[in-house]
Amino acid sequence: MTAARRAPDDPPPSGAAPSVADATARLPDPADAIERLRDWAKERLGLSLSARQVEAFAWYLDELLRRNAQQNLTAVVDPLGIAVKHFLDSLTLVPLLGQAASGRMVDVGTGAGFPGLPLRIVCPGLRLVLVEATGKKAEFCRSIVEGLGLKGVEVLHARAEEVGRDPQHRQRYDVATARAVAALPVLLEYLLPLVRVGGRVLALKGENAAVEAHGSQRALELLGGRLQQLHPVELPGVAEPRYIVEVEKTAATSEIYPRRTGIPAKRPLAD
Ligand code: SAH
């Protein structure tokens, strides 16, 4: 990246305030944002996006911008923010997938499709189930899956607590993932029941990851998991530390879990 950077409070180089036209010219348009996504995916994650994948991200971004104007799907509304904080952040899981890239994955509380849908765009063999409690968000995910013609993706308008008790889904997944859904002890009660023994939880977490992991010993014991590693993640232009929390499923989860809807969040299995 060669673009010159200026501290936000430096005076503009000319000494004059930039005109409105200049200011807007500095904002990357959707095509620029996707171009940068392609470069970052290559540089940071070693992922070469194909022309079709780049097109898929461009269309997904347009749909997010268009639909977000009508309904509140995501707090991030600028093209570059979406490229970095949604698409690239989701893709940081790819290097950790290994064989699971063509396995079964469940993404719980996916919202507008994160991290599941970007992962499916770059991993065509991934069999993906998206779980989302809010109907309009699940509907949006369905429209993206259809619009992009993604095969092997199912969208469930449901609560994690219900899906985790359903024999069709319970202990069936190689990987369960989530971002920005709940604190780790709560999240583990949503995710671990869905994972087969030997499978993994890969949770995208912010700066509290280590504290939350330390407070999850009891949840791990009760649910049959073992903390493997906290992988630090860096995103361009994002200062706050981020981590991927990797947990291995070591033993079958007791039938008691997940408890009924609302209870995991109300009475977390915290230490
Ligand atoms: N993962 C997305 C959305 C985060 S917002 C992202 O990172 O952008 C959290 C989402 O989780 C919301 O859309 C909310 O409806 C959903 N959610 C929260 N608790 C849930 C539960 N128990 N089961 C299913 N979805 C849940």
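The values are calculated or read from the model by the stated rules, or taken from the named source; none is laboratory data. A quick note: this is a predicted structure, and the numbers were derived from the prediction, not measured. Backbone-built Cβ (ideal geometry, glycine too); neighbour counts: all protein chains shown.
Of note:
- Filtered by the rule that a residue be on the phi < 0 side of the Ramachandran plot and among the polar types (S, T, N, Q), the range 169-196 gives a lone residue, THR177.
- Among the conditions (1) under 18 Å from the mean Cα position of the chain (by Cα); (2) in the same structural domain as THR177 (by TED's automatic domain parsing), GLY135 misses just one, which is (1).
- Annotation note: of LEU73, LEU117, the sole residue that is surrounded by 12 or more Cβ atoms within 10 Å (Cβ to Cβ), outside any helix (DSSP H, G or I) and of a type in the set (A, V, I, L, M) is LEU73.
- Comparison of LEU194, LEU269, LEU222, LEU184 shows that the only residue that is closer than 16 Å to VAL131 by Cβ, modelled with pLDDT of 95 or more and crowded, with 16+ Cβ neighbours inside 10 Å is LEU194.
- Of all residues in the range 125-136, those satisfying the criterion of being within 13 Å of the ligand (Cβ to nearest atom) and under 23 Å from VAL54 (Cα atoms) are VAL129, LEU130.
- Output for the range 37-55, where each listed residue is over 19 Å from ALA101 (Cα atoms) and touching a Leu at 6+ places or on another chain (Cβ under 7 Å): LEU37, ARG38, TRP40
- Only one of the listed residues (ALA101, ALA112) is over 21 Å from PRO193 (Cα atoms) and either assigned to a loop (DSSP other than H, G, I, E, B) or over 12 Å from the mean Cα position of the chain (by Cα) (or both). That residue is ALA112.
Yes/no matrix, rows are residues, columns are (1) among the aliphatic types (A, V, I, L, M); (2) away from the ligand (no atom under 14 Å from the Cβ); (3) under 19 Å from LEU235 (Cβ atoms); (4) assigned by TED's automatic domain parsing to the domain that holds ILE34:
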residue: ALA75; (1), (2), (3), (4): yes, no, yes, yes
residue: LEU91; (1), (2), (3), (4): yes, no, yes, no
residue: PRO115; (1), (2), (3), (4): no, no, yes, no
residue: CYS123; (1), (2), (3), (4): no, yes, no, no
residue: VAL145; (1), (2), (3), (4): yes, yes, no, no
residue: LEU148; (1), (2), (3), (4): yes, yes, no, no
residue: GLY152; (1), (2), (3), (4): no, yes, no, no
residue: LEU156; (1), (2), (3), (4): yes, no, no, no
residue: ARG159; (1), (2), (3), (4): no, no, no, no
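- Restricting attention to the range 120-138, the residues being among the charged types (D, E, K, R) and either assigned to a strand (DSSP E or B) or free of Cβ contacts under 8 Å to residues at least 12 places away in the same chain (or both) number 2.
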